[in-house]
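Visitor: Could you have a look at this structure, given as structure tokens, before my questions?
Just so you know, all these numbers are worked out from the coordinates, no wet-lab data involved. The shown structure was predicted, so the numbers you read here are calculated from the model rather than taken from an experiment. Cβ sites come from the backbone with ideal geometry, for glycine too, and all protein chains shown count toward neighbours.
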Amino acid sequence: MSLLGIKLFVGGWLSYYDLRTLSVPVWALALYASIVIWQCPVHGISFSICAFFVCGVWVFERIKSQTYLGLADKILLSVVGMTIPLMQVGWFFITIGIVSLITALIWQKLANCARFPMMPAIILSDFICNSDTAFLS
């Protein structure tokens, strides 16, 4: 099985587990992050942009006293953002927004819950925007 196949399997399992429980095991998140970093070259500026976004969300959460992104989502967003080429960071955030909007609408109808899983949107955006598994390149 190739590294891409393992990444697809672990990403699919993480998405399923997050949809089912709204949480993910640390070992599975670490495994997916390791595969992402192993498979793709690291882009420092893209990581800086994503880390700045995550820090901004964290500050906004502290001001509003609400949680908008879970810790696993923040970690995965930074790790996946580190491997996205600079020219595709905008598409990466747009894709996350569109997929999370669709997920939220479906989640609101099916689960009737205020919180919705963000991990499937990040993982799907990784497969869409990343240069090694790219659908947009």
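Visitor: Got a sec? How would 103, 21, 83 order by Cβ neighbour count within 10 Å, fewest to most?
Guide: 21, 103, 83
Visitor: Within 12 Å, Cβ to Cβ, of residue 56, how many net charges do the neighbouring residues add up to if Lys/Arg are +1 and Asp/Glu are -1?
Guide: For residues surrounding residue 56, the net value is +1.
Visitor: Right, next: Please compute the contact order of the range 3-129 in relative form: average sequence separation of alpha-carbon pairs under 8 Å and at least six residues apart, divided by the residue count, as a percent.
Guide: Relative contact order of the range 3-129: 31 percent.
Visitor: Turning to a different aspect of this structure: For the range 3-129, taking Cα atoms only, what is the radius of gyration to one decimal and the Dmax to the nearest whole Å?
Guide: Radius of gyration, then largest Cα-Cα span, for the range 3-129: 14.1, 41 Å.
Visitor: To continue, here is another question. Find which of 92, 59, 44 sits farthest along the positive direction of the dipole of the chain, computed with +1 on the beta-carbon of Lys and Arg, -1 on that of Asp and Glu, about the Cα centre.
Guide: It is 59, whose Cα lies furthest towards the positive end.
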